Amino acid sequence: MRLNVIFRDSIDPQIFARFAEGQNWAFQGTYPAVESAPAEMVWATPAGVGLHLIEDAALDLIYLSIENYSIKGTSPEAVRSTLNSVTGEFDTIPTQELIDLYYAEPDWNARVLALMMIAAAAGEDFAPGICQVIKHGIRFDQPDVRKAAAIASMYAPWPDLKDAISAAANSDSDEQVRDLASMALINFK
């Protein structure tokens, strides 16, 4: 189980680190970015919930991933409690609000930003609303929105997206969109 939490405003990792220390979460380490993974700061709660503060240069965002960290499995209640601690301290954006923002924005630059946050919000489980936004974005008339949708699909390689991403990889009018969509297809099973 993994929940990704998007902060409404940019967050200073040191402020989050002080918050985590105040919660008595055990600091696990800082991991620099590598070609295949973004930079992370990691904590574990006493109940076995993992918190990964992710600084994702590809999305130009810092977001939090809350994960079942225990080999035996952490209860959903422990994950929910950890989430409640974070949302009680920091202003976060629910996924549905991000989806609504994408559709409400007439400005394509704002849609690109919404798609980056939606990509970060995508968890392990299929989310129909996120899937629909990415499908809409990959067919949008502005190439930068299509590029953002192709990037977002890399974070949500769900079977329902494969045909739309494959079509973009094969026939989009923009070479960068085709390239990004082709890269995204590697993640699809």
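Scanning segment 153-183 for residues that are of a type in the set (Gly, Ala, Ser) and at pLDDT below 95 yields a total of 1. For the condition free of Cβ contacts under 8 Å to residues at least 40 places away in the same chain and either more than 24 Å from Glu35 (Cβ to Cβ) or not polar (S, T, N, Q) (or both), Ala181 does not qualify. Do you know which of the residues in segment 124-153 that are in a helix (DSSP H, G or I) and in contact (Cβ under 8 Å) with a residue 40 or more places away in the chain is nearest to Glu67 (Cα to Cα)? Ranking the candidates gives Ile151 first.
If you go through segment 1-24 and pick out every residue that is charged (D, E, K, R) and within 16 Å of Ala39 (Cα to Cα), you end up with 1.
Applying the criterion of at least 3 residues that are open to solvent by less than 20 Å² (accessible area, probe 1.4 Å) and farther than 30 Å from His136 by Cα to the strands (runs of 3 or more DSSP E) found wholly in segment 1-115 leaves 39-44, 49-56.
Only one of the listed residues (Trp108, Trp25) is within 29 Å of Lys135 (Cβ to Cβ) and either aromatic (Phe, Trp, Tyr) or modelled with pLDDT of 95 or more (or both). That residue is Trp108. Quick check: anything in segment 123-139 touching a strand residue (DSSP E or B) at 6+ places or on another chain (Cβ under 9 Å) and open to solvent by 50 Å² or more (accessible area, probe 1.4 Å)? Looking through segment 123-139, at least one residue is touching a strand residue (DSSP E or B) at 6+ places or on another chain (Cβ under 9 Å) and open to solvent by 50 Å² or more (accessible area, probe 1.4 Å). The residue that is least open to solvent (accessible area, probe 1.4 Å), among those in segment 140-187 that are farther than 20 Å from Leu113 by Cβ and β-branched (Val, Ile, Thr), is Ile165.
The values are calculated or read from the model by the stated rules, or taken from the named source; none is laboratory data. Model, not experiment: these values are computed from the prediction. When we count neighbours, we look across all protein chains shown, and the Cβ atoms used for this are built from the backbone with ideal geometry, even at glycine. Each accessible area value is taken on the protein alone, full model and side chains, heavy atoms only, with ligands, DNA and RNA left out. Shrake-Rupley method; radii C 1.70, N 1.55, O 1.52, S 1.80 Å.
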